[in-house]
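For reference, the structure discussed in these notes is given below.
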Amino acid sequence: MAILAHPDDEVFIGGTLAHYSGNDVRTVLVTATSGDVGEIRDKSLATPETLASVRAKELESAAKALGIDKLIVLGYRDSGMARTEDNNHPASFHQAERDEAVERVVRLIREERPDVVITANEHGDYGHPDHVKANRVAAAAYKAAADPSQYPNAGPAWRPRKLYYTAIPRSEMERWAEMAKENGEDGWSDREPPVDVDGNPVPLFTPDELITTEIAVASHAAQKHAAIHSHPTQFAADNFMFKAPVETIAHFWPYEYFRLIDGSLGAEPGQRETDLFAGL
């Protein structure tokens, strides 16, 4: 079960989702928001008023491309980028009452009974309030779902076996930056780091030594490519990832990386796992 913030977040672990779907593992994607205040890269595709419904269709298309077995959308309002007025909207995910949101996800975990749960890292990947909230809600629900005394009306207790946060190693970020430059994109490493809702800088990478798990996904580049192209409102036509052919996606993204937060590492000390289910 992947618990993510927005339509299109699934693209960034799409190779992993496609990999397990193709190996007879049931995959469930929980998307917290409708993405209704996201950017509209192609103005002919949506307006601010129609963006939520357009992105719902984009998400369905991407989920189909990745072979996801079940898609669940919680329907919170997009909170917008950090330190924008949308953060304060009472219907936003950022403002959602914690226990209400956690109970909803606990119920889903107990119903779907996943062995492995994936969510954004503790920094919200790049400080986005919805990614931060997804992390906090997912981590709390992961723990609470196993405790029958918590949220007793949300179904029989279920204990997932592993919790992972998404990760990008520093070395991979540097490699991406060089590849993007070679393909005409601005140097990402030259940009100012994003900030969170409190104005604190947010790291865009995880130190390599903290990466616990790498999943080989080059063979699923076609599915990932299709998922990217399912979101034309979010990826401009001249975006490096959007315009890249399948072969470039395979070369650019041969692995997806994770950090094991809870559960047993299925690898020797100092080695990385190559399977989220290793050790189970």
Could you tell me whether any residue of segment 53-66 is touching a strand residue (DSSP E or B) at 6+ places or on another chain (Cβ under 7 Å), within 19 Å of A138 (Cα to Cα) and surrounded by 21 or more Cβ atoms within 10 Å (Cβ to Cβ)? no
Looking only at segment 117-132, how many residues end up being of a type in the set (D, E) and either out of contact with any Lys or Arg (no Cβ under 9 Å at 6 or more places or on another chain) or closer than 16 Å to A101 by Cα (or both)? 2
What single numbered condition from (1) under 19 Å from the mean Cα position of the chain (by Cα); (2) under 19 Å from I72 (Cβ atoms); (3) assigned to a loop (DSSP other than H, G, I, E, B) fails to hold for E122? (2)
Is there a residue in segment 2-13 that is out of contact with any helix residue (DSSP H, G or I) (no Cβ under 6 Å at 6 or more places or on another chain), closer than 30 Å to T274 by Cβ, assigned to a strand (DSSP E or B) and of a type in the set (G, A, S)? yes
In segment 231-280, how many are β-branched (V, I, T) and under 30 Å from L45 (Cβ atoms)? 4
Against the definition (at pLDDT below 95 and either hydroxyl-bearing (S, T, Y) or within 23 Å of H128 (Cα to Cα) (or both)), how does E10 come out, yes or no? no
Kindly check whether there is at least one residue in segment 35-44 that is of a type in the set (V, I, T), assigned to a strand (DSSP E or B), over 19 Å from E256 (Cα atoms) and touching a Lys or Arg at 6+ places or on another chain (Cβ under 8 Å). no
Helices (runs of 4 or more DSSP H) (entirely within segment 205-280) containing at least 3 residues that are within 21 Å of the chain's Cα centre (by Cα) and either closer than 21 Å to P169 by Cβ or in contact (Cβ under 8 Å) with a residue 24 or more places away in the chain (or both): 221-229, 246-252
In segment 128-163, residues that are under 13 Å from the mean Cα position of the chain (by Cα) and either assigned to a helix (DSSP H, G or I) or among the basic types (K, R) (or both) total 7
So, in segment 45-59, of the ones that are in a loop (DSSP other than H, G, I, E, B) and in contact (Cβ under 8 Å) with a residue 24 or more places away in the chain, which residue ends up nearest to V73 (Cα to Cα)? A46
Are any of the residues in segment 72-84 part of a helix (DSSP H, G or I) and under 16 Å from V132 (Cα atoms)? no
For D262, only one of the following conditions fails: (1) surrounded by fewer than 22 Cβ atoms within 10 Å (Cβ to Cβ); (2) under 18 Å from G15 (Cβ atoms); (3) not small (G, A, S). What is its number? (2)
Search result, residues across segment 20-73 that are in contact with a Phe, Trp or Tyr (Cβ under 9 Å, 6 or more places away or on another chain) and among the hydroxyl-bearing types (S, T, Y): Y20, T27, T33, S34
Take V105 and tell me if it is part of a helix (DSSP H, G or I), of a type in the set (A, V, I, L, M, F, W, C) and crowded, with 19+ Cβ neighbours inside 10 Å. yes
Can you find, within segment 125-172, the residue that is surrounded by the most Cβ atoms within 10 Å (Cβ to Cβ) among those that are under 14 Å from E111 (Cα atoms) and touching a strand residue (DSSP E or B) at 6+ places or on another chain (Cβ under 8 Å)? A141
Show the residue pairs that are 6+ apart or on different chains and have beta-carbon atoms under 8 Å apart, the first residue being within segment 109-133 and within 16 Å of Y257 (Cβ to Cβ) and modelled with pLDDT of 95 or more, the second being part of a strand (DSSP E or B) and small (G, A, S). I118/A2; T119/A2; N121/A167
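The values are calculated or read from the model by the stated rules, or taken from the named source; none is laboratory data. All of these numbers come straight from a predicted model, not from anything done at the bench. Using ideal geometry, Cβ is built from the backbone for each residue, glycine included, and neighbour counts are taken over all protein chains shown.
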